[in-house]
Amino acid sequence: MLPVIVHSVNELRAMLPENKHVALTPTMGALHEGHLSLVRHGRQLADINVVSVYVNPLQFGPHEDFSTYPRELEADCARLENIADIVFAPNDAELYPLPQTVTITLPPLADELCGRSRPGFFQGVATVVCKLLNCVRPQTAIFGKKDFQQLFLVQLMVAQLNFPTKIAAMPILREADGLAMSSRNAYLTSDERQRAVLLPNALRTAAAAITAGEKPTTAAATVRQQLQADGFVVDYVECRNATTLTSTASGDIVLLVAATLGQTRLIDNIEIRCPNAAKRELA
Ligand code: AMP
């Protein structure tokens with residue numbers, strides 16, 4: 001069965017009885033298998049499986065790709081056949097009937113990593129996630145580790161603002177050659193698409209080196225050099241504590257990268273189990 005498309009919050013709420021397990025997967029659409037893996041997880045958990053499709057203007061900077069971001073609601077619904085029950089696709093007037101003067105304030109981490117080159121991005125994400133959680137009131141909301149910093153900040157917001165929703169974190173789905181699936185991969189030219197695989201390759205090599213004893217800072221510097229040599233414009237390559245996203249040298253590590261290839265900003269990350277504390281100097 002195809003999912004029912006719902007545009008209004010009132011209509012949506014009328015379809016969601018309180019005694020049912022509702023799962024929500026928030027997306028911006030242009031769905032790929034990475035998204036669908038999240039939605040399939042929702043299918044397993046929930047009586048009513050909801051996917052939101054909304055390109056959130058609040059999280060785009062003035063020179064970013066808001067106007068060109070792919071919008072393909074009908075095709076998305078077809079992709080969700082037999083997996084989702086409801087597609088919540090509000091328009092801007094429904095979600096932002098007034099100028100959004102009330103927003104979520106996040107800790108300084110929101111201005112680091114992706115937040116450094118995308119000021120206001122995580123505030124926009126947190127605000128729309130807060131609204132979507134309030135509209136759908138799901139027992140479970142499902143997010144991907146592809147956007148590791150986003151997942152971390154959403155978990156923090158949900159915990160600190162006492163949302164009753166449980167956050168499920170799902171692994172990164174990759175193309176056969178290792179490139180992390182992303183709606184923005186569609187922007188890559190065929191030449192860029194071939195070269196894009198150098199990014200996950202560099203991450204995997206660095207992770208193996210760290211596991212074998214290389215200092216994380218050295219491994220991150222090598223990734224940066226490799227990507228630059230391969231024609232990427234590197235935004236950041238950083239090792240962080242995988243649990244706290246701080247530069248604190250204890251616990252497992254996540255190596256995070258953002259880099260632009262041509263016109264396309266790619267992000268990716270890899271988690272590294274790190275049993276030997278002596279090797280974990282991160283900054
Ligand atoms: P987006 O539509 O890009 O906002 O993504 C919606 C959700 O799908 C977010 O929680 C993302 O982290 C997740 N997601 C996007 N790409 C992938 C992927 N390749 N693997 C797993 N989750 C993903």
Query raised in the report: Taking 1 over the mean of 1/r across every pair of different Cα atoms in the chain, what Kirkwood radius in Å do you get?
Result: 19.7
Requested in this report: Name the most mobile residue of ASP147, ASP111, ASP65, meaning the one with the largest mean-square fluctuation, in a Gaussian network model of the chain with Cα contacts below 10 Å.
Outcome: ASP65
Report task. Using the structure shown, select from LYS145/LYS166; LYS20/LYS145; LYS131/LYS166 the pairs with a Cα to Cα distance greater than 18 angstrom. Result -> LYS20/LYS145
Query raised in the report: Just how far, in whole angstrom, is region 116-141 from region 153-189 if you go by their alpha carbon centroids?
Result: 12
Query raised in the report: For the chain, which longest stretch is free of loop sites, where a loop site is one of the GluC sites (Glu not before Pro) that DSSP puts outside H, G, I, E and B and that has at most 10 other Cβ atoms within 10 Å?
Result: 82-283
Query raised in the report: Where does the chain land at 222 nm, in deg cm²/dmol rounded to the nearest 500, when only DSSP H runs of n ≥ 4 count, each adding -39500 (n - 2.57), divided by all residues?
Result: -10000 deg cm²/dmol
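Taken together, the values in this text are just the output of simple stated rules run on the coordinates, not laboratory data. Fair warning: this is a prediction, and the values are worked out from it, not measured in the lab. We place every Cβ from the backbone using ideal geometry, glycine too, and count neighbours over all the protein chains shown.
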